[in-house]
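Below is one structure, written out as structure tokens, with a few remarks after it.
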Amino acid sequence: NGGNSESRGALIVLEGLDRSGKTSQSSRLLTYLEGLGHSAELWRFPDRSTNVGQMISSYLSNNSQLDDHTIHLLFSANRWEKRSLMETKLKTGTILIVDRYSYSGVAFSSAKGLDIEWCKAPEIGLPAPDLVVYLDIQPEKAAERGGYGAERYEQLEFQRKVAHCYQSLHDASWKIIDACQPIEDIEKHLQESVLDCVMTCQKGKPLSYLWS
Ligand code: TMP
């Protein structure tokens, strides 16, 4: 460990449509990493516990109306308000598993017709994930799963557009996992993809920033 190569925690992001299984896979991954003796935390965006998060939550449950640009910036602000804590955790060696991040921000807002570059702009400078895992599911399949339809975006037609927007966002570095496999298989694939990334960060891979 010479020069500026400081050991740190990995920033791992899970993305996917609503009902793709991100939340249960994130918590399984947390258990796995902790079992290996790592310090790890599970985060999610939106973080509904803050003031900004409560505005977002009220919007999502259709209790308030906001202009598309305004809600987009609130989602982004909700990440910015957690940025310094995020960096501190990573630098002190904690792995962060994050259920949704800037990619959700861009995919959901551009699915409404907002310009994609405009959507990406407020995310510039946030910590970049070391790994993005996309849980891939057909919108129709996701809709068949339980609990769909309660919140604002949980509609098949809209999720189809979101799926399309995610497609134009991802690059070769994303790990795409078929979300219709048995959950144990998804879990295994996820564990395999994550370990490499955790090691590289432990060895001192520098933290980078969006959009890179
Ligand atoms: P959740 O169900 O994972 O809590 O997310 C709530 C909804 O908010 C989900 O439909 C995705 C959407 N969303 C955005 O539109 N922009 C964002 O930046 C994030 C993080 C989520």
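The values are calculated or read from the model by the stated rules, or taken from the named source; none is laboratory data. Just so we're clear, the structure is a prediction, and the values are computed from it rather than from any experiment. Cβ sites come from the backbone with ideal geometry, for glycine too, and all protein chains shown count toward neighbours. Ligands, DNA and RNA are stripped out before the accessible areas are found, and what is left, the full protein with its side chains, is counted by its heavy atoms. Shrake-Rupley method; radii C 1.70, N 1.55, O 1.52, S 1.80 Å.
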With all protein chains present, how much of the accessible area of the chain (probe radius 1.4 Å) comes from carbon and sulfur, to the nearest whole percent? 50 percent
Gain in length, Glu6 to Ser193, computed as 0.36 nm per residue apart minus the alpha-carbon separation, to one decimal in nm? 65.1 nm
Under a straight-distance cross-link criterion of Cα-Cα below 16 Å, which lysines are reachable from Lys112, leaving out those fewer than 8 residues away in the same chain? Lys120, Lys161
Cross-link reach from Lys203 to aspartates and glutamates, straight Cα distance under 12 Å and at least 8 residues apart if same chain, gives Glu6
Compute the length gained on full extension between Ser27 and Ala172: take 0.36 nm times their separation in residues and subtract their Cα-Cα distance, giving the result in nm to one decimal. 49.7 nm
Which value, in Å² rounded to 10, gives the accessible area of Glu157 with a 1.4 Å probe and all protein chains present? 110 Å²
Quick check of the Kirkwood formula: for the range 101-212, what is the inverse mean of 1/r over all pairs of different Cα atoms, in Å? 15.7 Å
At 1.4 Å probe size, put Asp136, Asp99, Asp130 in order of accessible surface, largest to smallest. Asp136, Asp130, Asp99
Distance in nm between label sites at Ser64 and Thr88, each 7 Å beyond Cα in the beta-carbon direction? 2.7 nm
